[in-house]
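Beneath this line is the structure, given in structure tokens, with notes to follow.
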Amino acid sequence: CAPTDTDQIYAFYSPLLSDQIRERLLLESELREALKTDDQLILHYQPQVDIATGRTVGLEALVRWRHPRLDWLSPARFIPQAEACGLMVPLGRWVMRSACRQLSLWKAQGLSAPTVSVNLSAGQFSGPSLIDDVDTTLREFSVEPSLLELELTESASMRDPELSISIMEQLRGMGIKIAIDDFGTGYSNLSYLKRFPVDRLKLDQAFVRDIMTDADDLAISRAIVAMALQLRLEVVAEGVETREQLRMLANAGCRTVQGYLYSRPVAAEHCLPFMQTPFPIY
Ligand code: C2E
Ligand code: MG
Ligand code: MG
Ligand code: MG
């Protein structure tokens, strides 16, 4: 009998779909394995730089996976997977422990490390174990809570704003800092922004990318920086790659930036130069 539309679609998509599912299941079991063995995952750190002094005032921890089959995997590939299969909490715990261990190592080496920012996924942030996990890890490695900043995306913080406020208040009560990541892309209700007990906004790199050529991106960047300053929040501009972008942001009132202009995210041992010596002032 003649194939119906559905048959055709089925015949066309089926091998692809099952490939995707197989790949997903494989990745999931490999991630479980990676979390056990502890030698495939690594944190890289990217400096957040004070434009005026060239000093590194913060380090953002970004997870990397040296995958046995696929070489280096970017978090964009496996964080959503980890979320989907319930591995985000163990992965997030690994990230937090690894960042705190690093802070304690730097301290043992007599280095004064800046604040380390750790990204939280939406599920991790609102999950029942966050506060306990963070508290336990800080104690385990004797890390000063003020050396830890947690980054939550704007869209994650807006899922349930009242819940977000209460979690943020608990974290801040412990002495931990909070940043809103990817700000400007998440349809914020600005009246909540006023109530969020946060320290910093991270201007999304989407606005910085074309800030030289797109008048709208420039206008939005300026407006966000101005608003943040009025609300007494610090702004970190993300994805700064050129001196021109840096100058534009500095003119807008932004004091701290992060991006390839200064450094890509690098392994902990490669942070020592810029932890000790300021970057050139552009
Ligand atoms: P994010 O938190 O917004 O991190 C900034 C991303 O921009 C990083 O990508 C960084 O490598 C990249 N970047 C920094 N400077 C520049 C630049 O000048 N130009 C360009 N084009 N890109 C720049 P990465 O490391 O691939 O991470 C992507 C996203 O994955 C992060 O975005 C964050 O949302 C998530 N992620 C990374 N590590 C973790 C983690 O440990 N936990 C969780 N929950 N999410 C993570
Ligand atoms: Mg981030
Ligand atoms: Mg971001
Ligand atoms: Mg992002």
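Confirm whether residue 220 is of a type in the set (A, V, I, L, M, F, W, C), more than 16 Å from ligand 2 (Cβ to nearest atom) and under 22 Å from the mean Cα position of the chain (by Cα). Criteria met by residue 220. Selection within the stretch 134-163: residues that are within 17 Å of the chain's Cα centre (by Cα) and small (Gly, Ala, Ser). The member of this set that is nearest to ligand 2 (Cβ to nearest atom) is 156. Determine if the stretch 239-258 includes at least one residue that is in contact with a Phe, Trp or Tyr (Cβ under 9 Å, 6 or more places away or on another chain) and within 16 Å of ligand 2 (Cβ to nearest atom). So far as the stretch 239-258 goes, yes, one or more of its residues are in contact with a Phe, Trp or Tyr (Cβ under 9 Å, 6 or more places away or on another chain) and within 16 Å of ligand 2 (Cβ to nearest atom). The set of residues in the stretch 44-59 that are open to solvent by 10 Å² or more (accessible area, probe 1.4 Å) and either of a type outside the set (S, T, N, Q) or over 21 Å from residue 116 (Cα atoms) (or both) comprises 44, 50, 51, 52, 55, 57. For residue 96, are the conditions met, namely being touching a Gly at 6+ places or on another chain (Cβ under 8 Å), crowded, with 19+ Cβ neighbours inside 10 Å and of a type outside the set (Lys, Arg)? No; evaluated as a whole, the condition is false for this residue. Residues of the stretch 238-257 that are in a helix (DSSP H, G or I) and either over 18 Å from residue 55 (Cβ atoms) or open to solvent by 10 Å² or more (accessible area, probe 1.4 Å) (or both): 243, 244, 245, 247, 248, 250, 251, 252. Scanning the stretch 12-37 for residues that are open to solvent by less than 70 Å² (accessible area, probe 1.4 Å) and in contact (Cβ under 8 Å) with a residue 40 or more places away in the chain turns up 27, 28, 31, 35.
Consider the stretch 189-219 and keep the residues that are surrounded by 19 or more Cβ atoms within 10 Å (Cβ to Cβ) and in a loop (DSSP other than H, G, I, E, B). The one that is farthest from ligand 1 (Cβ to nearest atom) is 196. Only a single item in (1) surrounded by fewer than 17 Cβ atoms within 10 Å (Cβ to Cβ); (2) part of a helix (DSSP H, G or I); (3) without any contact (Cβ under 8 Å) to a residue 40 or more places away in the chain is not met by residue 69, and it is number (2).
Among the candidates 201, 152, the residue that is of a type in the set (A, V, I, L, M), under 17 Å from residue 249 (Cα atoms) and within 14 Å of ligand 3 (Cβ to nearest atom) is uniquely 201. Could you tell me whether the stretch 80-92 includes any residue that is surrounded by 17 or more Cβ atoms within 10 Å (Cβ to Cβ), within 16 Å of ligand 3 (Cβ to nearest atom) and among the β-branched types (Val, Ile, Thr)? No; the residues of the stretch 80-92 include none that is surrounded by 17 or more Cβ atoms within 10 Å (Cβ to Cβ), within 16 Å of ligand 3 (Cβ to nearest atom) and among the β-branched types (Val, Ile, Thr).
Consider the stretch 99-122. How many of its residues are more than 16 Å from ligand 4 (Cβ to nearest atom) and either closer than 17 Å to residue 145 by Cβ or modelled with pLDDT under 95 (or both)?
Total satisfying the criteria: 13.
Checked against the criterion of being touching a residue at least 40 places away in the same chain (Cβ under 8 Å) and either within 30 Å of residue 128 (Cα to Cα) or among the aliphatic types (A, V, I, L, M) (or both), the stretch 209-223 contains not a single residue that satisfies it.
Pairs linking a residue in the stretch 82-108 that is within 17 Å of residue 58 (Cβ to Cβ) to a residue that is assigned to a helix (DSSP H, G or I) and more than 16 Å from ligand 3 (Cβ to nearest atom), with Cβ atoms under 6 Å and 6 or more positions apart or on different chains, are 96/137; 100/137; 102/268; 103/147.
The values are calculated or read from the model by the stated rules, or taken from the named source; none is laboratory data. Just so we're clear, the structure is a prediction, and the values are computed from it rather than from any experiment. Positions of Cβ are generated from backbone atoms using ideal geometry, with glycine treated the same way; all protein chains shown enter the neighbour counts. These area figures cover heavy atoms from the full protein model, side chains too; ligands, DNA and RNA do not enter into them. Shrake-Rupley method; radii C 1.70, N 1.55, O 1.52, S 1.80 Å.
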